[in-house]
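Values in this text are rule-based calculations from the coordinates and carry no lab data. Model, not experiment: these values are computed from the prediction. Positions of Cβ are backbone-derived with ideal geometry, glycine not excepted, and every protein chain shown enters the neighbour counts.
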Amino acid sequence: EDTTGHPITDEGVRRRDFIHVATGAFVGVGAAAAAWPLVDQMNPSADVLALASIEVDLAPVAAGQAIKLNWRGKPVFVRNLTPAEIAEANKVPISDLRDPQTLAERTKEGKANWLITLGVCTHLGCVPLGAAEGENRGDYGGYFCPCHGSHYDTAARIRKGPAPKNLEVPEYAFTSDTRVQIG
Ligand code: FES
């Protein structure tokens, strides 16, 4: 668990990815639902979780890049959207969206470039690709879930595939121009 506010190590992320990917990829749809309680047991109790927040310096994250954090035992994606990615998200008619939300509703005022979401697919909980350099961002330029092919757009909204909802936006607040507290 990261208590220092720094991104967790690659190894930590990989281990977490493995847990999520294994849940969706190798045990099948019915068994995946049954496997979730086992995954939940690996997390700390709700009392401890209520206190857990992390603060992160986003200054090193350049436009077009993303980082993965670990918050309350879950992956969190923080992405610095380029002006083109913001424009792409804003031009989508709201009526085209399965889970209708504007980019503005999913980001903080004046900080539309910082897209912060859980890295947990809303289908069966795999960790989508697209937060690390060179990973497949899917047909809509955001995130792609390799388990059953859900495509999320540059606002991390579901656009294609089985996932029912957009990637969830956790509670967060900017504590300075580049520092953000999640949780
Ligand atoms: Fe099924 Fe992501 S877990 S598409």
Can you list the lysines whose alpha carbon is less than 18 Å from that of residue 165, not counting same-chain residues fewer than 8 positions off?
74
Segment 145-168 scanned against label point 7 Å out from residue 105 along Cα→C-beta; backbone N under 15 Å for 155-159, 165-168
With 0.36 nm assigned to each residue of separation and the Cα-Cα distance removed, residue 175 to residue 91 gains 27.3 nm
5 Å is the cut-off here: which amide hydrogens, built 1.01 Å from N in the peptide plane, fall below it relative to residue 172, excluding neighbours closer than 5 in sequence?
183
Full-stretch length increase - residue 168, residue 98 - with 0.36 nm per residue and alpha-carbon distance subtracted:
23.8 nm
If the viscosity is 0.890 mPa s and the temperature 25 °C, what Stokes-Einstein diffusion coefficient in µm²/s follows for segment 125-183 when Rh is the Kirkwood radius over Cα pairs?
200 µm²/s
Once amide hydrogens are built 1.01 Å from N within the peptide plane, the residues lying 5 or more places from residue 161 or on another chain with amide H under 5 Å from its amide H are 151
